[in-house]
Each structure stands twice: as structure tokens, then as C-alpha cells.
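The values are calculated or read from the model by the stated rules, or taken from the named source; none is laboratory data. Just so you know, these numbers come straight off a predicted model, no measurement behind them. In this analysis, Cβ positions are derived from the backbone assuming ideal geometry, glycine residues included, and neighbour counts consider all displayed protein chains. These area figures cover heavy atoms from the full protein model, side chains too; ligands, DNA and RNA do not enter into them. Shrake-Rupley method; radii C 1.70, N 1.55, O 1.52, S 1.80 Å.
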Amino acid sequence: MWYVPTAPRAAALHNSYNNEISFIRIRRSMHTVEEFQALLDAAVDGVLLIDHQGHVQAFNRAAERLFGYNAREVLGNNVSMLMAEPDRSHHDGYLARYVTTRQPHIIGRGREVEARRKDGSVFPVFLSVGAVDGTEPPRFVGFVQDISFRRRAEENTHRLQERLTHVSRLATVGEMSGGIAHELNQPLTAVANYAQACDRLLGMPDPDIEEIRGALKQITAQAVRAGDIIRRLRSLARNDVVKRVPTDVNAMIGELTELISLDSKAHEVSYKLELAQDLPAACVDRAQIQQVILNLVRNAIEAQAECSGKRELVISTLGVPDGDIEITVCDNGPGVLQSIAPRLFDPFCTSKPHGTGLGLAISRTIVKSHEGSLDYRPNAPSGACFVIRLPRVKQDQP
């Protein structure tokens, strides 16, 4: 019965094995076929009974509704007719192996598999299988639960999370754009000034070609600088497919340096990098982790908006003793209120007058999806520190 030697994905979430034990005990007490069939038909899940060769011996009404077959069309046939590939082709071999060795792989446990209806459509089910005790050759009872609705709900939740993450990224880029737009004026103004200088030099009776060449080089350099700023903003705003690859954490942060420097300068915040050397690589989606860092940077800059003293932002990296990597974003603002700290990463928790309270919640979700953590601690003597911990690339990872 979908007898595939794969570890269960959701065994702890289902109590079907207990149901099987009760089913088998009640079956022994039945005195008539009618009583047995009534028990089967009362079950909410699909219930099948098969022999050691995989032939279906019982098929309840819930199974009829689930698969679209009438019981008469299934009884006596191989249960593989209800399976999708690759289980459909391999099931008989797995069943024969159990009959020979008596070594269970999914007996007493459960797993998610793909089933096949009469019309050929494939749908996800949760399957749990039990051997009927005391039968020789052995027989098996299977409980089949349609999880299509749950799977669709999970997919919808995942899509909504992706959209929310993208919206958060756009919001972060939008917040940075105000300060960066001001800084973009510098290279653009320089381009205009050098172009005007070239025009004047070329209008002279004996133009200095070397001076004109130098001005043209400056135009090129400033244009490239402006283009790089815009390119980095666009790359952050894109909603690319998630792709996790081994990544140099310091290099990943270095790609953000110019954007962060420009944004910090626009808000009169001193920005400093403290990067540890010889860090191991982390397997991450570069854009997602950069989004988290930028979100923390924006929070740090906004937290210091009302500070009268020196405003500081420090991003540091560190290799921790267990081999993982820490990225720390610290500021010397007022810090987080004690009343908010326990709920800091809860959705809609914010101290900003116009904040949504989603930035930190989304950031923690992103880091957790990378099997890492995002936490807060007070900075000394004042301010806040947010610590991202990412697992290093394991030896068996690509």
C-alpha cells in the first residue's frame, strides 16, 4: 500500500496508527460481513484492505468518493491502480520485500504521497499503513486522507509570504531612495560640469587635448558611479526566484556599502564596517539576506533621527565558536523600550508613528527560513544591536 521505503514527513501529525490498531481489534470481533462493511463505511477517511500480493479486498465508501471508483471496479485488482508514479511501478516489489524480510518501512507510520483518481488526476494524500496482526500470509489495512485543501492552503500562504516580502523590500528601497536621490545629484552634476568644460575647451583656438581627455575620463567615471547606484537599487527591488548558494558574507555586505554610505551620509550618520577575516561561507539567498540587513540599517538610521549627539551605525561580522556566522547591526540611538522588547518581532508591533510593524517580523521569517536566527540585544552604553546568525556551509552541501 504505497509501500515506499522513505522516511515519513508528517508521522507525528497523524494518529492513524492508533486507528489501525482499534480497527484490527474490532475486525476480529465482527461476526458478519455486513458489520465489517458498516464499520468501513462509517470511517471518514478512505480505508482499504489488501492481501500480500497487493490485491484490494475491501474498499469503503469514503475511498469511493476519494478516488471516483465504485468498489466493484477496485476489489480484486492491484492497489497500484490508485497510485501515481513512481510508486505505481515499484509498489509490488516493495510489498514482496516486506513479505520476505518482515522489515517495515512505513508500517505503523505515515507519510504524504501522490494518489491517482479514476479520471487520471493526481492529488496529495496522507497515507498510514498497518499490518493485520495474526494473518499469514500477511494482509494490510491502509487509511487514506485527502490533503489537497491543506496543500493549497500551504501554497497560498507561501505565495502571500513571498509577496509580502517583496513589498517589504520595495518599501525599504523606497525609504532609501530619498537620501540616495540627493547623492545621485553629485555624479550627475559632475558629468554636466565636465561636459561644459569640454565644450569650452574645444571652442578655444588651440584646445588642450590632454585636458579634454581627462575631463572625458571624469565624465565616464561619474556616469559609471551613478549607474552602479541605480543598478544596485534595481537589483534589490527585483522579485527574483529564491536561489540559495554558498556566499561570502563579507562580500555580500560589501555590495551594500555604497548604498548604506549614501543613505547614512544623507541622514548625518557615521557608518563603519568591522568585518572579520577568514569567515566560512553561508548558503543563502543573497537578495533576501541583503534585504534583512537593509531593513535593520533603515531602523538604526531612523532610531537616531532625534539624537543630538554623534550618530553611529556599525555593521560587523564574526565567526562564532560553533562555526556559524554572525552579522551585527548596531546603533547608538535610544534603544528599544522595555515594554516593546518581548514583542519586538511580532507582526504589527512598532514604535514608529507611521510604521507597519512588519519589517522585523518579515526579517526574522526570512532568516529562519535559512535555518538561522535574528535576535535583539541592547547596545552599550546606549542603542540597539540586532544579531543575524547564519549556519555555515556544511561539508556535504554543494
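Summing charges over neighbours of Ser373, with a neighbour being any other residue whose Cβ is under 13 Å away from its Cβ, gives -1 when K and R count +1 and D and E count -1.
Calculated accessible area for segment 237-329 comes out at 45 Å² per residue, all protein chains present (probe 1.4 Å; ligands, DNA, RNA ignored). Legend: residue pairs Lys265/Lys310; Lys272/Lys368; Lys217/Lys265; Lys272/Lys310, Cα-Cα distance threshold 23 Å; pairs beyond threshold, Lys272/Lys368; Lys217/Lys265.
Segment 36-73 and segment 247-265 have Cα centres separated by 61 Å. As a fraction of the 1.4 Å probe accessible area of segment 267-338, surface on carbon and sulfur atoms comes out at 48 percent. Beta bridges assigned by DSSP with both partners in segment 246-331 are antiparallel in approximately 65 percent of cases.
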